Amino acid sequence: VIGPAGENLVKFACVNTEWSRNAGRTGMGALFGSKNVKAIAVRGSQDIPVHDMDALSDASERAFSYLKSHELFEFWQQQGLMSVIDYMNNAGVMPTHNFNDAHFDGADTINGETMLKYKIGDTSCFCCPMACGNICLVKDGKYAGTVTEGPEYETACMFGSNVGVSDFPAILRANMLCDDLGIDTISTGNLIAVLIDGYEQGIVKRSDLDGMTLKWGDPDSVLAMVEKIAHRDGIGDIVAEGTHGLIKRFPDLKRLISHAKGLEMTAYDARIGVTMALGYGTSDIGAHHTRAWPLAKEIELGADWTLEERVDLVIYHQTVRPLFDCLGVCRLPWIELGLDEHIYAEMFAAATGVPFTLDDLFLRSNDIYDLTRTINVMLGVGRKDDYPSDRVFDTTIKTGPHAGESLSREYYEEALAMYYKKRGWDENGIPAGVAVTDDRG
């Protein structure tokens, strides 16, 4: 089902399911709205056939047993993705004040420990033992009555540190509001921070903001802007067009927007991690971590790691993570608790009767990545689009463990060239066998 944002064709509107689970980021809600589709309902009464139920049950039991015995299992159930706040902030890569910084002094007010004060229950996807979803309730104060599943790390960061807010109930309110309106929390928080930054720098005037005053750490103006975007009210009508809409109206905001291919960056600063920058830049949908989240591994391994190993890691992530999407399974048991990837191939073979190994599935996943790249190329995408924002290279981190650092453009160019070669694409990022004419449009 879509909400007002989808009905109003907001470019980053979501499709909502199961109360507060959303298909976000790429504007699927706007696609529904453009076709006058409010909701899709499915009803059925028959079983889904399984080729070998015994083998599927055995693989599932082994996976459950592994996860439950992991030393971080209980901690993961308690905090879920909210545990990432402290990790990313301490690592100096958590977007703060519109990606101008990567360390937030108020992190302890929006982290997993703070979330536990508001948590009233767990929730999980079907049959998942991790139960990493958190149901939170604000019982008193200004935002009393707010109840939502979440927030998860991305939302807490984008409506917390990235807009300078250290009021956790306000973050919960923003989470609930975005769910109710059917709008993506990452793009929304990202672009509101751009407006605050632009207002402070005099690029955006108060008259442009319908008389509003925007400033860091003001949750009321942030929440008001969420409403304006979803309903395309005043300045919200411009923000609803996303990165490209903002740049078209305020060209000087281009240097303040963190994105790739027009999709706003998620909550990981790429200035100290070439893997994250390369993952953002070469993603087929733009700057989103679900295609590749290699940053934690890069942080873990440090400087004693070759560029080739870093590029290989990005490609591996872009193989295994989209594969999980194809299989309709979660990546968190693998990326967070180290579940062996081969067990997914076992489950696939047991469910379908197709005796694919993990390598067989990887080949199909790579074929899909080549296919989406080919489609993008035919729509005009090329090497020029395979970069994160210039600010990743041109501005330095202000505080924290990486103060004064930014990513070398030359180093990124070397990584990109190596990436193309390893994928079998030419120097312009065009897959082998793809004929490109000059009339692309």
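Show me the helices (runs of 4 or more DSSP H) found entirely inside the stretch 19-130 where at least 2 residues are modelled with pLDDT of 95 or more.
Once the helices (runs of 4 or more DSSP H) in the stretch 19-130 are filtered for at least 2 residues that are modelled with pLDDT of 95 or more, what remains is 28-34, 53-69, 84-91, 112-116.
Restricting to the stretch 379-403, name every residue that is surrounded by 14 or more Cβ atoms within 10 Å (Cβ to Cβ) and part of a helix (DSSP H, G or I).
If the condition is that a residue be surrounded by 14 or more Cβ atoms within 10 Å (Cβ to Cβ) and part of a helix (DSSP H, G or I), then Arg383, Asp385, Arg391, Val392, Phe393 are the ones that fit.
Among the candidates Arg331, Arg373, Arg310, single out the residue that is surrounded by 15 or more Cβ atoms within 10 Å (Cβ to Cβ), basic (Lys, Arg), modelled with pLDDT under 95 and under 29 Å from Gly262 (Cα atoms).
Among Arg331, Arg373, Arg310, only Arg331 is surrounded by 15 or more Cβ atoms within 10 Å (Cβ to Cβ), basic (Lys, Arg), modelled with pLDDT under 95 and under 29 Å from Gly262 (Cα atoms).
Within the stretch 404-416, how many residues are in a loop (DSSP other than H, G, I, E, B) and either exposed (fewer than 14 other Cβ atoms within 10 Å of the Cβ) or in contact with an Asp or Glu (Cβ under 8 Å, 6 or more places away or on another chain) (or both)?
3
Is at least one residue of the stretch 265-272 in contact with a Phe, Trp or Tyr (Cβ under 7 Å, 6 or more places away or on another chain), closer than 20 Å to Ala193 by Cα and in a strand (DSSP E or B)?
no
Could you look through the stretch 235-270, keep only residues that are of a type in the set (D, E, K, R) and surrounded by 24 or more Cβ atoms within 10 Å (Cβ to Cβ), and pick out the one that is farthest from the chain's Cα centre (by Cα)?
Step by step, filter the stretch 235-270, then rank; the result is Asp269.
The values are calculated or read from the model by the stated rules, or taken from the named source; none is laboratory data. Note that the coordinates shown come from a computational prediction; the quantities given were computed from them, not determined experimentally. Cβ atoms come from the backbone with ideal geometry, glycine included; neighbour counts cover every protein chain shown.
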